[in-house]
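Below is one structure; the comments refer to it alone.
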Amino acid sequence: MDLFFQADLAQQLIDGLGRGSSYALLALGLAIIFGVMHLLNFAHGELITVSAYVAYYLSVSGFSWWVIAPAIILTSVLFSMITEFVAFRRVRESSDFTMLLTSFGLVILVRAAFSHWVEVKPRNFDKASWVFNTVKWGAFNLEVYDLVVIVVTLITLLALTYLLQRTLFGIALRAASEDFNAARLMGVKSDRVIRNAFMLSGLLAGIGAVFVLLRRGQADPGMGIEILLMPLLATVIGGLGSLRGAVLGGFLLGILEVLFRSRILPDEYSHLTDMMVFAVIALVFIIRPQGLITVRRAERV
Amino acid sequence: MLEVAGITTKYGDIAAVRDVSLTVGNGELVCLVGPNGAGKTTTLNTIVGLLRPFAGTIKFDGQEITRKEPDDLLRMGIALVPERRRIFADLSVLENLLVAGSILSRSKRQERVEEMLTLFPILREKSQTSAGYLSGGQAQQLAIARALMTDPRLLLMDEPSLGLAPVMVDFVFNLLETLRSPQRGMLIVEQNARRALQVADRGYILRTGEMVDQGQGQELLTRTDLFKSYLGE
């Protein structure tokens, strides 16, 4: 394998990891909610929609991304907790189907609200100035954006790992994800653990939203479900309920996307990238319907 | 200590338990026996707040607890060792104990963890092991240790001998004797009726959701008619 090929492949892998980082963080948020509520929260993408409009209004008011980025994260956390309190808590004792419908209802509500009170057309705002800068490192020409996103994601994942493994907050959340009623028997308050799950999920979505919006620079009412598609598939392909699976699925889809677009498919077929990625996902489901990672349940006799 | 009066618990339109009443006094070991599907687990789950009764009341030390949440009941001193253990397989043994002590202060929780690891030496040996890798007997010890973390005044156990090897069944029933104290009441649900009645002070017989008999443990043991009619022997 010649050096140019290696450098080219390495760049594409880094690009894929960069793309996969936002997928992984959004997928993690979905997996956390699924763990405690057995709900695939389709309204998760609306955290990004709401955050995008906050970013838009801050941007046109002259604020820099040093202000916009934390505002996006805060908005995402607050809106996530609001959806839990206003919508999902009311239907928690209902069937899984009712909760799923509630999440769809939120998607429609957010889309209708912004279409009505802002407008249907997208609103553009300034992307971060450094987003498309590149840096040369030996044979590699790397995008600053990818490097920043990967480093921030790694730090986030390390912090999350510490939170989940070393704090009672995290241990209780993992316990509730595995067996919610058994956790209640151990004294874990159901309202509190679900609220914490939505808060954490909102935080991860907020960081993911920053990555997405830095480059997208656009807010539109229907963006939530569009952005959510890949993370949703990452959650399922990784194994529903598995946090590691969600991260693995996110990075895998990001890498696949880039490799198909830049390396595997000829240029004239690059528009078929999504189709090829979905074909791989379908193949994974055929071979491993439970997803890439499954949670241990068996007890030796 | 515990007064269950006329509880009826339904799943949809079907009453799994109908008009069930029982009591557990301080220092008593009471067993609730019956065949599969009798409603024993439903009764326990109603007492600990996982299920809401359609009718009836539950009192603990004279205070009504019928609609309280499981975590509130744990704070009051009621703990359950669930059927089939329900340990957290992805958490380590130590993490399982820490979760079970989540209502305690940090120092108290550490103190109780140390006590449980001393009471169950195998758990100390396996403290960093994922609970999913424990054998059935080890998992049962963990499940009991979890329930004891808050030093409950009322200990409920759902089928503690289920799926265990005979030597572990002996261990569990011997353990019940060591857990007895004048301040603690115990309510044990068992399909192994003979074994349960041997250790119990009193027993209740449940069948198809209804209480059909009750009495002193030793007295019920001698009732062959009971075992033929209600316990399927």
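Where a number appears in this text, it was derived from the coordinates with a stated rule and is not lab data. This one's a predicted model, so the numbers in the text were calculated from it and none came from an experiment. Virtual Cβ from ideal backbone geometry, glycine too; neighbours counted across all protein chains shown.
Worth a mention:
- Think of it as helices only: each DSSP H run of n ≥ 4 in chain A is worth -39500 (n - 2.57), and spread over all residues that comes to -23500 deg cm²/dmol at 222 nm.
- Relative contact order (%) - chain B, alpha-carbon pairs under 8 angstrom, separation at least six: 29
- Helix B:106-119 axis, angle to chain B major axis (alpha carbon atoms, nearest 10°): 80
- The Cα-based radius of gyration of chain A, divided by its Kirkwood radius, gives an Rg/Rh of 0.98.
- Only Lys, Arg (+1) and Asp, Glu (-1) charged, at Cβ; the stretch A:19-287 dipole about Cα centre in debye: 560
- Average 1/r across all pairs of distinct alpha carbons in the stretch B:25-138, invert it, and you get the Kirkwood radius: 16.3 Å.
- Once the gyration tensor of the Cα atoms in the stretch A:100-208 is diagonalised, the equivalent ellipsoid follows with semi-axes of 35, 27, 9 Å, ordered largest first.
- Of all DSSP-defined beta bridges confined to the protein assembly as shown, some 60% are antiparallel rather than parallel.
- For the protein assembly as shown, the average shadow cast by the Cα convex hull is 29.8 nm², which is a quarter of the hull's surface.
- Annotation: the antiparallel percentage among DSSP beta bridges lying fully within chain B is about 55.
- Per-residue mean of foreign Cβ neighbours for A:174-184 is 6 (Cβ atoms of other chains, 10 Å radius).
- Among A:M276, A:M230, A:M186, a tally of other beta-carbon atoms within 10 Å of each Cβ gives an order, fewest to most, of A:M276, A:M230, A:M186.
- Look at where the Cα atoms of the stretch B:74-91 and of the stretch A:82-156 average out, and the two centres are 38 Å apart.
- A DSSP coil position with no more than 12 other Cβ atoms inside 10 Å describes the following trypsin sites (Lys or Arg not before Pro) in the stretch B:35-82: B:R67.
- Based on alpha-carbon atoms, the Kirkwood radius and the radius of gyration of the stretch B:24-69 give Rg/Rh equal to 0.98.
- Between the stretch A:231-301 and the stretch B:166-233, the alpha-carbon centres lie 52 Å apart.
- Across the options A:L259, A:G222, A:I194, the greatest Cα extent toward the positive end of the charge dipole of the stretch A:171-297 (unit charges at beta carbon of Lys, Arg, Asp, Glu) belongs to A:I194.
- Among the DSSP helices (H) of chain A, those spanning at least 18 angstrom by Cα along their long axis with an average Kyte-Doolittle hydropathy of -1.0 or more are A:3-37, A:46-60, A:65-86, A:96-117, A:144-166, A:190-216, A:223-238, A:243-259, A:273-287; this is a geometric and hydropathy rule only.
- Net charge of Cβ neighbours under 13 Å - reference A:G250; Lys, Arg +1; Asp, Glu -1: +1
- Taking A:G18, A:G138, A:G250 in turn, the Gaussian network model of chain A (Cα-Cα springs below 10 Å) assigns the largest fluctuation to A:G138.
- Whole-number D in µm²/s for chain B (Stokes-Einstein; Kirkwood sum over Cα pairs; 25 °C, 0.890 mPa s): 137
- Inter-chain Cβ neighbour average for residues B:70-82, partner chain, 10 Å: 3
- The mean of 1/r over all pairs of different alpha-carbon atoms in the stretch B:104-156, once inverted, gives a Kirkwood hydrodynamic radius of 11.6 Å.
- Sites A:V60 and B:N26, calculated FRET efficiency, Cβ-Cβ separation with R0 60 Å, nearest 0.05: 0.30
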